[in-house]
Structure formats: structure tokens, C-alpha cells
Amino acid sequence: MAAAFTVAALTPLMAALISRMRDSNLYTDVRGGTPRGTGLVPWIVLSVFMPEPLRSPVVIMGLLAFIDDLSGRRRIRDLPVEWGQLSRGLGIIAVTILTYPIMGPAALLVALMIQPLNIADMQPGVACSLTVIMSLLAAAIAFAAGSDIYLPLLVLAVCAAYSPLDYLGRIMMGEVGNHSFAVALGLAFYVAGGPWSVLMLFLTAPLVTAILRRGNLTGFLEEKIGIENPTFGDLYMDVMTGGGLGDLLRRILLGRRSFRVDNPVLIAVGVRRLLFNPYASHGSENR
């Protein structure tokens, strides 16, 4: 497939180019220095090869996500909001508006898929594994339903072609890459099986991510957040609601209040993580 060959050829070139931009936010000191904007390549290729009217949501989300990559963690003047949080929020709104006429309320779930893909991209290869697994599932649903299988196979091919250097930990998708794959996956599931398939994706993608990142997330919750003996529910809830955008919502909804959860059932399903407020008096979260 032309899309796969294009991604395979351009990804190393993009990584080399970003490596020359060490003073930019597209390059991170993680793992001794890693280009983290190489997701530009799959975003561009997906934007070219996706059919209309499904192309526009990927184009716009990728563009706003790239602004997030470029801006880093910079705040908007004296406001308690980062440029990246604003651009991601605008991306969610834009994708929902663009896709609502096509798929109704499922449009919001497609837009919110950026959350699990973003958390998955924090560990080498996990976002690629998640995308491959989910695109294979979308292809199976499309085959069983007699739907068009092109979009799931496109996402699969593009991700597989991009993935080798990511698995080696030598590149990162960045927001532009993981957000683009997130929206493309949501659209692929809708084409494959309609809104119920999108709901299945929305619920199972965090589950797969929590499984793939289980050790890493457990350490993060224990050491950085202070949750003792995290349950799998805590891991799942971290994937669903963690990260900068989730914390911004906590700041808006919870203020500086903190909550103690002792009920075993609530602990098992992850309510401790859901109600953890990094802006409360117990400290701050650094992911």
C-alpha cells in the first residue's frame, strides 16, 4: 500500500530533521534525547489517504495537536490553562462538531479517544500496539458486518509502517501522532459497525492500554500520586481521566478540595484515581 511505503520512508527522515531541532519542544530529553513530533508523518499520510468527509476531522485534530506539541507546557499569560490544554479542548470540540452530522452523539466519543492514545504514547511502542490491536478489531467487525474495510486497514498499515523506531524507543508520536490515530480509529470503528462499535472502542481502548502499561502505571500511581496498592480500576481510571486535560477538568470541577475513598468497591473500580485532585493541598501531579 502506498500509504505504508510513504510512512516507512519518511519517518526516519522526520526523526533526523527533528533531532536537529534540539531547542524546540518537538525534541525531548527523555531516554537521552528523543524526537517526539515524528507523528507528523502518519498525520500527513492519513490526511491524504482518508476519504471525505472523514478526512477533515483528522486534519483539524492533527493541526491543533501539533500546536500542542510546539507550545509544550506554556501557560496562557496568567491563566491557569496551558496552550496545549486549550488546543486539545478546541480539537475535541471541532471533531465533535464536524462528525456529529455523520454519527450523532458517537462523535463525542470519537473526539475523546485522544485521551487513551495520549496516555499510551508515554511508553515506547504502547500507542502503536494499541492502534494495531484496535484497527485489527475494527477490520474484523467490518468484515463480519459486510462494511467497508478500507479505513481499518489504512490505519493498520500506517501505524505498522511507522512503528519500528517507536518500539525501539528512538521516536515518539507526540500529540500530533497519537491524536490523529485516535480520531482515525474512532472513524474506522464507526464505519465498521456504527455507534455501538465506537462505544466499544471507547471502553476497551483504555482497558488494553492499562494492561499494556500495567507495571509502569502502577509505579506512577504509587510513587507520584501516592495511591497505595493501586487496583486495576485505578489503572483504568488513570488512562481514562489522567494527563493534563483531565487535571484541568479536576481543577475546574473540584477546585482545591480533596477526597478520601475507603469503600472497597469504590476503590476496586478506580474512584480513588478519579477523585485524586493534583491541585489540592496534598501536592501536585507530574506525569
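The values are calculated or read from the model by the stated rules, or taken from the named source; none is laboratory data. From a predicted model like this one, the values you see are computed outputs, not experimental measurements. Here the Cβ positions follow ideal geometry from the backbone for every residue, glycine too, while neighbour counts run over all protein chains shown.
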| message | Consider region 37-50. How many of its residues are surrounded by 15 or more Cβ atoms within 10 Å (Cβ to Cβ) and assigned to a helix (DSSP H, G or I)? | response | 9
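Tell me, which helices (runs of 4 or more DSSP H) wholly within region 107-219 include 3 or more residues that are at negative phi and among the charged types (D, E, K, R)?
On the way: elements: 114-120, 126-145, 150-167, 174-193, 195-212.
Passing ranges: none, list empty.
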| field | Filter result for the condition that a residue is surrounded by fewer than 24 Cβ atoms within 10 Å (Cβ to Cβ) and either at pLDDT 95 or above or touching a strand residue (DSSP E or B) at 6+ places or on another chain (Cβ under 8 Å) (or both), over Pro164, Pro152 | value | Pro164
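Let's see how each residue does on (1) among the basic types (Lys, Arg); (2) closer than 20 Å to Gly246 by Cβ; (3) modelled with pLDDT of 95 or more:
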{"site": "Ile44", "(1), (2), (3)": "no, no, yes"}
{"site": "Leu63", "(1), (2), (3)": "no, no, yes"}
{"site": "Ser71", "(1), (2), (3)": "no, yes, no"}
{"site": "Arg75", "(1), (2), (3)": "yes, yes, no"}
{"site": "Pro80", "(1), (2), (3)": "no, yes, no"}
| request: Count, please, the residues in region 226-262 that happen to be assigned to a loop (DSSP other than H, G, I, E, B) and either touching a residue at least 60 places away in the same chain (Cβ under 8 Å) or in contact with an Asp or Glu (Cβ under 9 Å, 6 or more places away or on another chain) (or both). | output: 5
| field | From Ala210, Ala184, Ala188, residue being at pLDDT 95 or above, outside the structural domain of Met61 (by TED's automatic domain parsing) and buried (at least 24 other Cβ atoms within 10 Å of the Cβ) | value | Ala210
| request: Within region 27-36, identify whether any single residue is in the same structural domain as Leu153 (by TED's automatic domain parsing), outside any helix (DSSP H, G or I) and touching a Pro at 6+ places or on another chain (Cβ under 7 Å), and answer yes or no. | output: yes
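Let's see how each residue does on (1) touching a helix residue (DSSP H, G or I) at 6+ places or on another chain (Cβ under 8 Å); (2) in contact (Cβ under 8 Å) with a residue 24 or more places away in the chain; (3) more than 30 Å from Thr96 (Cβ to Cβ); (4) crowded, with 23+ Cβ neighbours inside 10 Å:
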| residue | (1), (2), (3), (4) |
| --- | --- |
| Ala8 | yes, yes, yes, no |
| Ala16 | no, no, yes, no |
| Arg22 | no, no, yes, no |
| Thr28 | no, yes, no, no |
| request: With respect to Glu222, determine if the residue is in a helix (DSSP H, G or I), more than 17 Å from Asn118 (Cα to Cα) and outside the structural domain of Arg73 (by TED's automatic domain parsing). | output: yes
| task | Determine, yes or no, whether Gly233 is over 25 Å from Gly39 (Cβ atoms) and either assigned by TED's automatic domain parsing to the domain that holds Thr11 or crowded, with 18+ Cβ neighbours inside 10 Å (or both). | result | yes
